[in-house]
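Participant: Before I ask anything, let me first share the structure, which is written out below as structure tokens.
Laboratory data are not the source of any read-out in this text; all were calculated from the coordinates shown. Note that the coordinates shown come from a computational prediction; the quantities given were computed from them, not determined experimentally. Cβ placement follows ideal geometry from the backbone for every residue including glycine, while neighbour counts extend to all protein chains displayed.
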């Protein structure tokens, strides 16, 4: 691969929050290459402290889709500083996301102040359509040496996820990161349902499929000069 092609691939990588195409599924050979990419991710001290549960069985996905969760007031309140309400504002800030990616109920004054009551919901179509769900697991007791709060171990999960993301993008497979699988009560219910041992924790879920729409949302990034300084901090 030429360096120009690698940079193009990195720029193509994005999050897909919409529904996936119910007429297309991720082929086993493609999924195998995505998982192989995970094995070659750099990890702290080469501990490779992760396991993946890949779920492609429709009946299992259907059971997961019935699980209930709630959007917490803290989640909504702490999202507000990241929101822009116009494309012009987002282009100027160069970070964050457009508010229109949130449902209207998340954008009220109550939600902004963290006073909105928890919003109950089901996972629903997020996991019941033609998709593969990867659950990223790790052993929190296997801390990377001399790493406070296992910072290096958690960072390693990020490296592994980026490998998955880039290989998926190369195959035209869309990805949706679902952090709610690492939160209660969903986490405990999923561990019980899938026989995940108590010693392992769920970091997050990763939904793979083919986007049913273009999702042509404005994407912004900082200029290099905005976050890099040479020889001393400026």
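Participant: Given only helices, namely DSSP H runs of n ≥ 4 each adding -39500 (n - 2.57), what is the per-residue ellipticity at 222 nm of the chain, to the nearest 500 deg cm²/dmol? Write down the numbers at each step before the final one.
Facilitator: Working: 10 runs with 84 residues, N = 234.
Calculated from helices alone, the mean residue ellipticity at 222 nm is -10000 deg cm²/dmol.
Participant: Please give the per residue volume of the convex hull enclosing the alpha carbon atoms of region 189-234, rounded to a whole number of Å³.
Facilitator: 212 Å³
Participant: Tell me, what is the FRET efficiency for residue 40 and residue 17 to the nearest 0.05, using R0 = 25 angstrom and their Cβ-Cβ distance as r?
Facilitator: Details: r = 28 Å, r/R0 = 1.11.
Efficiency, from the Cβ-Cβ distance: 0.35.
Participant: By count of other Cβ within 10 Å, fewest leading, how are 178, 160 ordered?
Facilitator: On the way: 178 19, 160 23.
Going from least to most buried by this count: 178, 160.
Participant: Relative contact order for the chain: what is it in percent, counting Cα pairs under 8 Å that are at least 6 residues apart?
Facilitator: Values: 330 pairs, mean separation 78.1, N = 234.
Computed over the chain, the figure is 33 percent.
Participant: If you split all Cα-Cα distances of the chain into 10 Å bins from zero, what percentages do you get per bin, shortest first?
Facilitator: Going from the shortest bin to the longest, the percentages are 7, 25, 35, 26, 6, 0.
Participant: Among 150, 201, 223, which comes first, second and so on when ranked by fewest other beta-carbon atoms within 10 Å?
Facilitator: Working: 150 19, 201 15, 223 8.
Least crowded to most crowded, the residues run 223, 201, 150.
Participant: Looking at the square roots a ≥ b ≥ c of the eigenvalues of the Cα gyration tensor of region 1-102, which shape do they give, rounded for a/c under 1.5, prolate if a/b is larger than b/c, or oblate?
Facilitator: On the way: a/c = 1.67, a/b = 1.21, b/c = 1.37.
Oblate, because a/c is 1.5 or more while a/b does not exceed b/c.
Participant: Then there's this: If R₀ is 35 angstrom, what is the calculated FRET efficiency for the pair residue 33 and residue 4, using the beta carbon separation as r and rounding to 0.05?
Facilitator: Working: r = 22 Å, r/R0 = 0.63.
Efficiency at R0 = 35 Å is approximately 0.95.
Participant: Tell me the label-point distance for the pair residue 108, residue 85, using the 7 Å Cα-to-Cβ offset, in nm and rounded to one decimal.
Facilitator: Simple spin-label model gives 1.7 nm for this pair.
Participant: Which value, in Å to one decimal place, does the Kirkwood hydrodynamic radius take for region 140-181 when every pair of different Cα atoms is included?
Facilitator: It is 11.9 Å.
Participant: Then there is this: Among 218, 19, which comes first, then next, by fewest other beta-carbon atoms within 10 Å? Intermediate values should be presented prior to the final figure.
Facilitator: Values: 218 11, 19 16.
Ascending Cβ contact count within 10 Å gives the list 218, 19.
Participant: Can I ask one more? If you take all C-alpha pairs in region 73-117, what percent of them are over 13 Å apart?
Facilitator: Details: 500 of 990 pairs.
For region 73-117, the share of Cα pairs beyond 13 Å comes to 51 percent.
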